[in-house]
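Reviewing the structure listed below.
The values are calculated or read from the model by the stated rules, or taken from the named source; none is laboratory data. On a predicted model such as this, the values are computed, not experimentally measured, just so you know. Neighbour counts run over all protein chains shown; Cβ positions are idealised from the backbone, glycine included. Each accessible area value is taken on the protein alone, full model and side chains, heavy atoms only, with ligands, DNA and RNA left out. Shrake-Rupley method; radii C 1.70, N 1.55, O 1.52, S 1.80 Å.
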Amino acid sequence: MAGRAGSFVEFALPAPLDGGKHRSVTPQLNDLFKFLRFPSISTSSSHAPDVRACATWLVERLEDMGLLVRLHETPKHPIVIAKNAHKPGRRHVMIYGHYDVQPVDPLELWESPPFEPEIRDGKIWARGATDNKGQMFAHALGVDAMLAENPDLPVNLTFLFEGEEEIGSPNLAQFLVHNCDELKPDVIAISDTGMVAPGVPTLGYGLRGITCCEAILRGPSGDLHSGLFGGSVANPASAIGRLVASLHKIDGTVAISGFYDDVRPLEQWERTMWSHVPGVSDMDYLTVTKSPGLYGEPGYSTMERVSSRPTAEVNGIGGGYQGEGSKTVLPSEAFAKLSFRLVPDQDPKRIMELVAHHLEWNCPPGVRIEIIPGHDGKPYITDPNSTYGLAAQEALRAAFDAEPVLIREGGSIPIVQTFRDVLGADTLLLGLGLSDAQIHAPNENFPVENFEAGIRLNQALLKELAK
Ligand code: BES
Ligand code: ZN
């Protein structure tokens, strides 16, 4: 084990690793910058060596803190497990995070290169700054600081950091099943979600589930001249347009038969509580999205629709000529990539059956349809006022010196419900990301103050959970 001295050598470097442009870069930020420089894009196989290098760096950094660290191989990207010396009678806390990131395209829209972190306007700009390297590494540094003060933590701690979250955690469930006895914690904490507004500590007690698929429509065996053949056969690009349009009614509700059957209605106390939460008004959504208007299922506020109602989304659509100018072609095929956000008590497998049935039934004549199912994950909900929930609220209060708000999140972390199913433990979602963090988009960013709050939050949380 390298021991703590290693980090001190780095801390003494004369110029920070951002090239010296920003004299205010602290040793902790400098460390985060190293982590952010790995292009650990899990979805692209050409980046597999970068994902691995990132995991290896993480292992070494966690070992430097004095933790016992193991790297577990999976069929794809490795899982990193780090623990302190566990002692009987102490609470077992697991902290989960992911070190993989989303692709960076369109690259030309980035104001600084995605894997060359920079500080501008008090924010860290890099792919993964919020989702999830900045948030997860704040926890690692919180533990680092605690260990530096006292090598005995108040809890039995397990860090579980994976490299496949952004591709649906295909290998993590099996890992949990095989290592259940060793991993089984009392409670799990994750910072991979959002805060409703700067300075407003936010405890998430729900996540939406997800199920994805791709529909491919095939017509003629090859592209045809649209003059010689237009009018003779069905056009797959027109057909995909009609098929996609069939997913919604004109008012924005999902038109798939049975889609809403298992949806758990919102509780009145949630609707009342959320009507007082800052940062989630219609005007806030308009400001963040810069969209000309809001749109969605009637009868719910925008925040309610995003957090607690299911949706159908077209993530991508294509087919035919995409180049400059016009080309008179009748394409041989067209596709749409679809995802469905789910809420308690919808089951992703059941919903995909309904989706497939809908797509086949509504497929226009003259084309063949192929449906390729993608990854899925269950929705999650827990009690924000459970013993652990209250401890999390107290830790948030301490770290931010403000009263926490309670929300359900619109995004998905599919492994969270699997944690409950396999390990029997609930998860606290201590979000540190802001709504303008640009996660999954160009110019992802994370305020330095949130990073620092995350370090304090970790320490407050471990102390609260030890009680
Ligand atoms: N960190 C996000 C999820 C998130 C972000 C939840 C903000 C709540 C608020 C996570 O990395 C993510 O992007 N998840 C994917 C899951 C999918 C790939 C299975 C998502 O939600 O699209
Ligand atoms: Zn993400």
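Within the stretch 241-297, how many residues turn out to be in a helix (DSSP H, G or I), within 25 Å of Met352 (Cβ to Cβ) and open to solvent by less than 50 Å² (accessible area, probe 1.4 Å)?
3
Answer yes or no as to whether Val306 is within 15 Å of ligand 1 (Cβ to nearest atom) and either open to solvent by 40 Å² or more (accessible area, probe 1.4 Å) or outside any loop (DSSP other than H, G, I, E, B) (or both). Yes, satisfied. The residue list Leu465, Leu406, Leu390, Leu430 contains one member that is under 30 Å from Pro114 (Cβ atoms) and either at pLDDT 95 or above or more than 16 Å from ligand 1 (Cβ to nearest atom) (or both), which is Leu430. Of all residues in the stretch 106-157, those being within 17 Å of the chain's Cα centre (by Cα) and of a type in the set (Phe, Trp, Tyr) number 1.
Would you tally the residues in the stretch 63-105 being among the aliphatic types (A, V, I, L, M), more than 29 Å from Phe115 (Cα to Cα) and buried (at least 20 other Cβ atoms within 10 Å of the Cβ)? Break it down into steps so the answer makes sense when it comes.
Of the stretch 63-105, the ones among the aliphatic types (A, V, I, L, M) are 65, 67-69, 71, 79-82, 85, 93-95, 101, 104.
Okay, now just the ones that are also more than 29 Å from Phe115 (Cα to Cα), so 85, 93.
Filter again for buried (at least 20 other Cβ atoms within 10 Å of the Cβ), leaving 93.
Summing the residues that are among the aliphatic types (A, V, I, L, M), more than 29 Å from Phe115 (Cα to Cα) and buried (at least 20 other Cβ atoms within 10 Å of the Cβ) in the stretch 63-105 gives 1.
Among the residues making up the stretch 187-208, a single one is more than 16 Å from Gly433 (Cα to Cα) and either in a loop (DSSP other than H, G, I, E, B) or near ligand 1 (Cβ under 9 Å from one of its atoms) (or both): Arg208.
Of the listed requirements (1) within 16 Å of ligand 1 (Cβ to nearest atom); (2) buried (at least 20 other Cβ atoms within 10 Å of the Cβ), Pro442 misses just one: (2).
Summed over the stretch 223-233, residues that are assigned to a loop (DSSP other than H, G, I, E, B) and either out of contact with any strand residue (DSSP E or B) (no Cβ under 9 Å at 6 or more places or on another chain) or without any contact (Cβ under 8 Å) to a residue 24 or more places away in the chain (or both) total 2. Here Val104 clears all of (1) under 21 Å from Ala55 (Cβ atoms); (2) part of a strand (DSSP E or B) except the condition numbered (2). Residues in the stretch 80-115 that are within 16 Å of ligand 2 (Cβ to nearest atom) and charged (D, E, K, R) were compared, and the one that is nearest to Ala140 (Cα to Cα) is Asp100.
Taking the stretch 114-186 as the region of interest, the strands (runs of 3 or more DSSP E) fully inside it that hold 2 or more residues being out of contact with any Lys or Arg (no Cβ under 8 Å at 6 or more places or on another chain) and in contact (Cβ under 8 Å) with a residue 60 or more places away in the chain are 123-125, 156-162.
Set side by side, the residues Ile371, Ile415 differ, and just one is more than 16 Å from ligand 1 (Cβ to nearest atom) and modelled with pLDDT of 95 or more, which is Ile371.
Would you mind stating whether Arg456 is outside any loop (DSSP other than H, G, I, E, B), closer than 18 Å to Pro344 by Cα and either open to solvent by 10 Å² or more (accessible area, probe 1.4 Å) or within 16 Å of ligand 1 (Cβ to nearest atom) (or both)?
no
Restricting the first member to the stretch 73-100 and to residues that are on the phi > 0 side of the Ramachandran plot and at pLDDT 95 or above, and the second to residues that are hydrophobic (A, V, I, L, M, F, W, C) and within 16 Å of ligand 2 (Cβ to nearest atom), no beta-carbon pair is closer than 7 Å while six or more apart or on different chains. Take the residues in the stretch 119-143 that are surrounded by 14 or more Cβ atoms within 10 Å (Cβ to Cβ), more than 19 Å from Glu464 (Cβ to Cβ) and not hydrophobic (A, V, I, L, M, F, W, C), then tell me which one is farthest from ligand 2 (Cβ to nearest atom). Top of the filtered list is Lys123. Checked across the stretch 204-213, the condition of being within 16 Å of ligand 2 (Cβ to nearest atom), crowded, with 21+ Cβ neighbours inside 10 Å and among the polar types (S, T, N, Q) holds for no residue.
The residue list Glu162, Glu116, Glu149 contains one member that is touching a strand residue (DSSP E or B) at 6+ places or on another chain (Cβ under 6 Å) and either open to solvent by 10 Å² or more (accessible area, probe 1.4 Å) or closer than 29 Å to Cys180 by Cα (or both), which is Glu162. Looking only at the stretch 54-69, residues that are of a type outside the set (D, E, K, R) and part of a helix (DSSP H, G or I) come to 7 in all. Counting only helices (runs of 4 or more DSSP H) that fall entirely inside the stretch 330-449 and contain at least 1 residues that are within 16 Å of ligand 2 (Cβ to nearest atom), the qualifying elements are 415-418.
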